[in-house]
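**Student:** Pasting a structure here, questions to come.
The values are calculated or read from the model by the stated rules, or taken from the named source; none is laboratory data. Being a predicted model, the structure only gives us computed values, none of them experimental. Note that we place each Cβ from the backbone using ideal geometry, even for glycine, and neighbour counts take in every protein chain shown.
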Amino acid sequence: MAAIAEITAAPDPVLADDGLKPALFDWLCRMGDNCLILGHRLSEWCGHGPALEEDIALANTALDLIGHTQMWLALAAEVEGKGRSADDLAFLRDAMKFRNAKLVELPSGDMAVTLMREFLFDAWHFEMLTGLTESASPRVAEIAAKALKEVSYHLERSSDLVVRLGDGSDESHRRMQDALNRLWPYAGELFTADKVDEAAAAAGIAPELAALRAAWDKTVGEVLGEATLTLPEIRFDVHQGGKQGRHTEHLGYILAEMQFLQRAYPGAEW
Amino acid sequence: MVNTVAVALPSTDQVWKWLDQVPDPEIPVVSVTELGIIREIRWEGDTLVIAVTPTYSGCPATSVIDLSIEAHLHGQGIGKLRLERRLSPPWTTDWVTPDAREKLRAYGIAPPIDGTAPDGRTAARAARMAGRSNLIVACPRCGSGHTERVSQFGSTPCKAAYRCKDCLEPFDYFKCH
């Protein structure tokens, strides 16, 4: 019998607003699913890292993200109020119900793609969480404050490695530039608001996504400059739809692996 | 008329003392109270409520810690117990007690250096120093400050991997968080 501590439920008037619940549920799933899918992608490196220290760092980062997933999806399930748990949401939804951006579901590829994706996401995640610490919802704000401390490490680490590999050997530079070119058109989805994002912003729960852009541009510009990498001359918001449940084919394969156990052995625990 | 039997409940001070004996599962030289993760102990009627805060969000030791607390307090005769997971304010290494820092060092883990938690605003600066740590972490074995960071992450989420360039020993640094 597991003694999992109950989360202290501080009163939160924002979460009790019935009119807001459908949008808020979706929005919380976006936060949780970004963390879950990126965490899963990073965890694929466990045992395959190019060096022991990298292996451990990637697994640790994945672990942080899975921890954030548990907090966001538990809150999503609570807001939904249908008796589902964070695990139910993670393991028993199909791809169309996932709300992560497409950026995080792309295959990890080599270390260049893995680290560049991590960096582009971390830089957004950091600004988003910073904004969320001021959320009108105390529950959202406390999760953000907790996660932000860990994401600060993620951003430092990925910035450091983007510079080292970008401004590294000819081979590492080429790979990092290729990774940036490939990932860039997916980054914009993180900043493109739809009705769900607008509802969360209007209620004071989340910052306006567009408002995060300037700080992200600054971090990305400085780090890529230091890394001697060139911003691609293509739009960064070409690939959209993940947040609304229209995913690439890659997500299905992730779910097949991630959800297999719960689907084959419903309710299995350890 | 119902006969009530007055049962003296242990004081919360007593419970704090009991929890001083519950070790962290990953770093058993320090206790859960020394780590600063026990945020509150109170009685609600005859139920003992203990608020515990996680160190890192995904730390797998969290549920083991909950189980250890439960088992230890049941062993002390506590019947009704509820553990609360408290997220706010988020755990910081500022709450690691001075005694615990010395225990960590003696155990071979360099204790946290206060005030050096990462701040994402420094990402670009950190990147300019790529590959180098801006911290001098003294080797817990020989005391030398001539050390280098091998990885920002170590064997547990709370630690980073370092190496001493004088005594050549690898060691863990308990990160400031």
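**Student:** Look at residue A:134 and say whether it is charged (D, E, K, R), surrounded by fewer than 23 Cβ atoms within 10 Å (Cβ to Cβ) and over 24 Å from residue A:162 (Cβ atoms).
**Tutor:** yes
**Student:** Go through (1) of a type in the set (Gly, Ala, Ser); (2) in a helix (DSSP H, G or I); (3) within 11 Å of chain A (Cβ to nearest Cβ) and name the single condition residue B:57 misses.
**Tutor:** (2)
**Student:** Considering only residues that are within 14 Å of chain A (Cβ to nearest Cβ) and assigned to a loop (DSSP other than H, G, I, E, B), look in region B:88-101 and name the one that is surrounded by the most Cβ atoms within 10 Å (Cβ to Cβ).
**Tutor:** It comes out as B:91.
**Student:** Moving on. With the condition kept exactly as written, say whether any residue in region A:207-216 is surrounded by 15 or more Cβ atoms within 10 Å (Cβ to Cβ) and under 23 Å from residue A:108 (Cα atoms).
**Tutor:** The answer is yes, given that some residue of region A:207-216 is surrounded by 15 or more Cβ atoms within 10 Å (Cβ to Cβ) and under 23 Å from residue A:108 (Cα atoms).
**Student:** Let me ask another. If we only count helices (runs of 4 or more DSSP H) wholly inside region A:134-224, which ones have 1 or more residues that are among the polar types (S, T, N, Q)?
**Tutor:** Correct list: A:138-166, A:170-187.
**Student:** So residue A:57 passes all but one of these: (1) within 19 Å of residue B:59 (Cβ to Cβ); (2) under 16 Å from the mean Cα position of the chain (by Cα). Which condition number does it fail?
**Tutor:** Every listed condition holds for residue A:57 apart from (2).
**Student:** Please go through region B:156-177 and pick out each residue that is free of Cβ contacts under 8 Å to residues at least 60 places away in the same chain and either in contact with a helix residue (DSSP H, G or I) (Cβ under 8 Å, 6 or more places away or on another chain) or farther than 19 Å from residue A:52 by Cα (or both).
**Tutor:** Listed by number, the residues that qualify are B:161, B:165, B:166, B:167.
**Student:** Take region A:253-270 and flag every residue that is surrounded by 15 or more Cβ atoms within 10 Å (Cβ to Cβ) and not polar (S, T, N, Q).
**Tutor:** A:254, A:255, A:258
**Student:** Consider region B:64-87. How many of its residues are under 17 Å from residue A:68 (Cβ atoms) and either in a helix (DSSP H, G or I) or without any contact (Cβ under 8 Å) to a residue 40 or more places away in the chain (or both)?
**Tutor:** Of the residues in that region, 2 qualify.
**Student:** Could we say that residue A:29 is within 14 Å of another protein chain (Cβ to nearest Cβ), buried (at least 16 other Cβ atoms within 10 Å of the Cβ) and closer than 24 Å to residue A:135 by Cβ here?
**Tutor:** It is false that residue A:29 is within 14 Å of another protein chain (Cβ to nearest Cβ), buried (at least 16 other Cβ atoms within 10 Å of the Cβ) and closer than 24 Å to residue A:135 by Cβ.
**Student:** If the Cβ limit is 7 Å and pairs must be 6+ apart or interchain, which residue in region A:53-73 that is on the phi < 0 side of the Ramachandran plot pairs with which residue that is among the acidic types (Asp, Glu)?
**Tutor:** Listed by first residue and then by second, the contacts come to A:64/A:150.
**Student:** While we're on this one: Can you confirm whether residue B:66 is facing chain A (nearest Cβ under 10 Å) and either at negative phi or surrounded by fewer than 17 Cβ atoms within 10 Å (Cβ to Cβ) (or both)?
**Tutor:** yes
**Student:** Could I ask something else about it? Can you tell which of A:156, A:127 is in contact (Cβ under 8 Å) with a residue 12 or more places away in the chain, in contact with a Gly (Cβ under 9 Å, 6 or more places away or on another chain) and surrounded by 18 or more Cβ atoms within 10 Å (Cβ to Cβ)?
**Tutor:** A:127
**Student:** If you check A:178, A:237, which single one turns out to be surrounded by fewer than 16 Cβ atoms within 10 Å (Cβ to Cβ) and touching a Ser or Thr at 6+ places or on another chain (Cβ under 9 Å)?
**Tutor:** Only one candidate passes the filter, namely A:237.
**Student:** Residues that are more than 21 Å from the chain's Cα centre (by Cα): list the strands (runs of 3 or more DSSP E) wholly contained in region B:137-177 that include at least 3 such residues.
**Tutor:** Strands (runs of 3 or more DSSP E) meeting the threshold: B:147-151.
**Student:** Any idea which of B:73, B:104 is within 11 Å of chain A (Cβ to nearest Cβ), crowded, with 17+ Cβ neighbours inside 10 Å and at pLDDT 95 or above?
**Tutor:** That would be B:73, the only listed residue that is within 11 Å of chain A (Cβ to nearest Cβ), crowded, with 17+ Cβ neighbours inside 10 Å and at pLDDT 95 or above.
**Student:** What's the total number of residues in region B:17-41 that are crowded, with 17+ Cβ neighbours inside 10 Å and in a helix (DSSP H, G or I)?
**Tutor:** Residues meeting the conditions: 6.
**Student:** Could you list all residues from region A:225-267 that are among the small types (Gly, Ala, Ser), within 14 Å of another protein chain (Cβ to nearest Cβ) and in a helix (DSSP H, G or I)?
**Tutor:** The one that is among the small types (Gly, Ala, Ser), within 14 Å of another protein chain (Cβ to nearest Cβ) and in a helix (DSSP H, G or I): A:225.
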